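**Student:** Following this message is one structure expressed as structure tokens.
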Amino acid sequence: MDLMRSLIAVLLLTVSQFVIASTVTDLYRVTLPIEERRLAPSDLQVSSGLVKVLVKVSGNSSIADDYQIQSQLKAPARTLKQFSYITTEDGGYLVLDFHPEVIDSLVTRTGFKPLGEQRATVLLWFASNASGEQDYLKSNDSFYKALQFSAKSRGLPLQFPILDLTDQIALSPTDLWILKDQQISQASTRYKPDAVIAGRLTKSESEGVSVAGLFINDGINQPLAESGNIDQVANAVINRVADTLFKPIVSYKLSHFQTGVAVQVENISNLSDYVQLIDFLKRLSVVRQVKIERAIGNQITVRLNLDGSEEQLRQAISLEPQLQMLDSLRNQDGSAVMVYRWQG
């Protein structure tokens with residue numbers, strides 16, 4: 001009896017790893033391949049790592065298009081907490097660890113919240129005919145490794161079926177190959193995933209691969225079709241799924257801030273600075289309306305509706321000696337963003 005209970009406990013423990021919500025680790029760490037070690041990483045390396053971490057933390061693959069992120073990428077050093085180098089059998093790597101609080105603040109400034117460590121989990125079913133007959137894709141296949149690498153860069157947890165007798169009865173390799181969606185969905189319920197990717201993988205003699213499959217999410221089946229080299233196909237599949245599952249969480253209402261010119265002012269350290277700034281902007285003849293968009297730390301962003309041109313606004317602001325212009329950018333929707341520092 002004790003032996004039977006032990007076996008049941010082991011079985012439950014084995015299965016439980018597939019049904020418990022997944023926690024993503026190393027959200028604020030990125031590893032970059034390098035050819036040589038430096039005394040310190042270059043700004044280009046830190047910027048590259050910063051973009052990857054921001055995408056992973058926010059779930060937003062286009063977050064680098066935001067004007068505030070573009071501004072930060074020009075001076076990324078303050079976001080970096082520490083760095084180190086490692087060497088593996090595949091080569092040398094630079095490991096960058098970023099300040100969580102700084103990254104979270106950057107994400108929040110774009111109008112969205114960090115996704116957090118608990119993430120939607122995707123179950124993978126793949127079949128291949130590489131052996132001459134239709135069979136489950138082997139767990140050590142290079143395509144699975146490429147999918148795992150891409151998923152890690154997006155902070156997307158993956159699940160893999162056990163492929164025991166229960167799985168084989170519920171979803172045979174042949175049914176998987178021809179993408180019988182009902183059998184795929186029924187076989188997947190055992191693992192309680194948030195979404196499912198099922199497909200057939202074919203490889204060409206030129207080392208290219210193609211995938212034909214289904215992405216099943218909330219009971220909706222979406223077709224998947226990608227071809228190219230292994231890394232290209234894996235990235236395309238994972239990005240398609242991650243962009244769907246990781247819809248950014250809005251941290252404030254955007255509907256009020258779609259028109260006008262954004263003016264971002266740094267170094268607003270007290271209420272007096274704030275009052276002086278808003279009063280000055282409201283007194284400008286070119287400004288029809290001032291809307292407070294957000295205030296985070298010592299930085300405030302306002303949205304100005306104009307009765308004149310952007311150039312007239314620049315000229316008018318230049319008359320205020322306490323405002324030093326730092327940058328002039330364009331948001332991803334084409335609207336202007338002016339960045340200033342308050343010299344209070």
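The values are calculated or read from the model by the stated rules, or taken from the named source; none is laboratory data. Here the structure is a predicted model, which is why all the values come from computation and not from measurement. Every residue, glycine among them, receives a Cβ derived from its backbone with ideal geometry; neighbour counts consider all protein chains shown. Areas reflect the complete protein model, heavy atoms only, side chains present, ligands, DNA and RNA absent. Shrake-Rupley method; radii C 1.70, N 1.55, O 1.52, S 1.80 Å.
**Student:** Pull up the stretch 103-126, narrow it to residues that are among the charged types (D, E, K, R) and either open to solvent by less than 10 Å² (accessible area, probe 1.4 Å) or in contact with a strand residue (DSSP E or B) (Cβ under 8 Å, 6 or more places away or on another chain) (or both), then point me to the one that is nearest to Val237 (Cα to Cα).
**Tutor:** The extreme case among them is Arg119.
**Student:** So which pairs qualify, if the first residue must be in the stretch 163-176 and over 16 Å from Leu124 (Cβ atoms), the second must be outside any helix (DSSP H, G or I), the Cβ gap must be under 7 Å, and the two must be at least 6 apart or on different chains?
**Tutor:** Thr174/Gln134
**Student:** Checking Thr202 against (1) within 19 Å of Ser172 (Cα to Cα); (2) without any contact (Cβ under 8 Å) to a residue 40 or more places away in the chain; (3) of a type outside the set (Phe, Trp, Tyr), only one condition comes out false. Which one?
**Tutor:** (2)
**Student:** List pairs: first in the stretch 246-271 and in a loop (DSSP other than H, G, I, E, B), second open to solvent by 60 Å² or more (accessible area, probe 1.4 Å) and at pLDDT 90 or above, Cβ under 6 Å, 6+ apart or cross-chain?
**Tutor:** Qualifying pairs under 6 Å: Asn267/Arg341.
**Student:** Just need a number here: residues in the stretch 1-34 that are modelled with pLDDT under 90 and of a type outside the set (A, V, I, L, M, F, W, C).
**Tutor:** 8
**Student:** Across the stretch 273-292, what is the number of residues that are farther than 14 Å from Ile317 by Cβ, open to solvent by 20 Å² or more (accessible area, probe 1.4 Å) and not basic (Lys, Arg)?
**Tutor:** Number of matching residues: 4.
**Student:** Looking at (1) modelled with pLDDT of 95 or more; (2) within 30 Å of Pro33 (Cβ to Cβ), which is the one condition that is false for Ala170?
**Tutor:** Every listed condition holds for Ala170 apart from (2).
**Student:** Does Val250 satisfy being at pLDDT below 90 and of a type in the set (A, V, I, L, M)?
**Tutor:** yes
**Student:** Take the conditions open to solvent by 20 Å² or more (accessible area, probe 1.4 Å) and more than 26 Å from Asn270 (Cα to Cα) and apply them to Glu311. Does it pass?
**Tutor:** For Glu311, the condition - open to solvent by 20 Å² or more (accessible area, probe 1.4 Å) and more than 26 Å from Asn270 (Cα to Cα) - is met.
**Student:** A follow-up question, please. Of all residues in the stretch 65-80, which are buried (at least 16 other Cβ atoms within 10 Å of the Cβ) and of a type outside the set (S, T, N, Q)?
**Tutor:** Hits for the stretch 65-80 are Asp66, Tyr67, Ile69, Leu73, Pro76, Leu80.
**Student:** Quickly run through the stretch 75-113 and pick out the residues that are modelled with pLDDT of 90 or more and among the basic types (Lys, Arg).
**Tutor:** Arg78, Lys81
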